Amino acid sequence: MTEIRTPRLLLRGWHDDDLAPMADINADPRVMRWVDDGSVRDLDETAEAVERWEEEWDEEGFGLFAVELLASGELIGFTGLSVPWFLPEVMPAVAISWRLGPQFWGQGYASEAAHATLEFALQDRGLDRVISINRVGDGASENVSRKLGMVAERETVHPAYGFPLRVHAIDLTEFAA
């Protein structure tokens, strides 16, 4: 699996000892507020999710990276790519996403990791276009999407939960410009 280094971060595959810190992130209501129905996730649910993320790497050639601070080796969350099957109206598509523990918010880590992931998607994996799907009202995620150079493309409604979503997009020509 690919590893990516940025000035402060290592984007890498998942290790067994990542489960507990990722479960702590997923158990925080502040983090999960904007994810699906807002429910927190426990250790077992996190383990199942990591297993799915690893399978996506095998099936698609991309997936969600564990994000580690280079200075300390601490897991701070994830960033990566996935196919947004839950939202058929945007298909075919590949979406970029991120989730960090709240103690790592506001320090530019999400933008740094997401930029490296976007570069990986467009230059290494040869994707022509990447989207982000954010819940309307999630200003922090909207800000990361804008920092990536993505532009709002459409608003829609989550098919399972009914809340408004905003889809941002960038294509290879816009990224390279």
For this session: Kindly indicate which of Glu48, Glu54, Glu68 is outside any loop (DSSP other than H, G, I, E, B), farther than 25 Å from Glu153 by Cβ and modelled with pLDDT under 95.
Result: Glu54
Seminar exercise, completed: The condition from (1) in contact with a Pro (Cβ under 8 Å, 6 or more places away or on another chain); (2) over 23 Å from Gly61 (Cβ atoms) that Ile133 misses is numbered (2)
For this session: For Arg99, indicate whether it is within 13 Å of Val167 (Cα to Cα), among the basic types (Lys, Arg) and either over 13 Å from the mean Cα position of the chain (by Cα) or buried (at least 19 other Cβ atoms within 10 Å of the Cβ) (or both).
Result: no
Exercise. Is it fair to say Leu118 is surrounded by 14 or more Cβ atoms within 10 Å (Cβ to Cβ) and over 23 Å from Ala49 (Cα atoms)?
Worked result: no
Exercise. Within the bounds of the range 12-23, is there any residue that is at pLDDT 95 or above and assigned to a strand (DSSP E or B)?
Worked result: yes
Problem set entry | Only listed residue being free of Cβ contacts under 8 Å to residues at least 60 places away in the same chain, in contact with a strand residue (DSSP E or B) (Cβ under 9 Å, 6 or more places away or on another chain) and either of a type in the set (S, T, N, Q) or assigned to a loop (DSSP other than H, G, I, E, B) (or both), chosen from Gly38, Gly77, Gly73 | Gly73
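The values are calculated or read from the model by the stated rules, or taken from the named source; none is laboratory data. As the structure is a prediction and not an experimental result, all values here were calculated from the model. Reconstructed Cβ throughout: ideal geometry from the backbone, glycine too, with neighbour counts over all protein chains shown.
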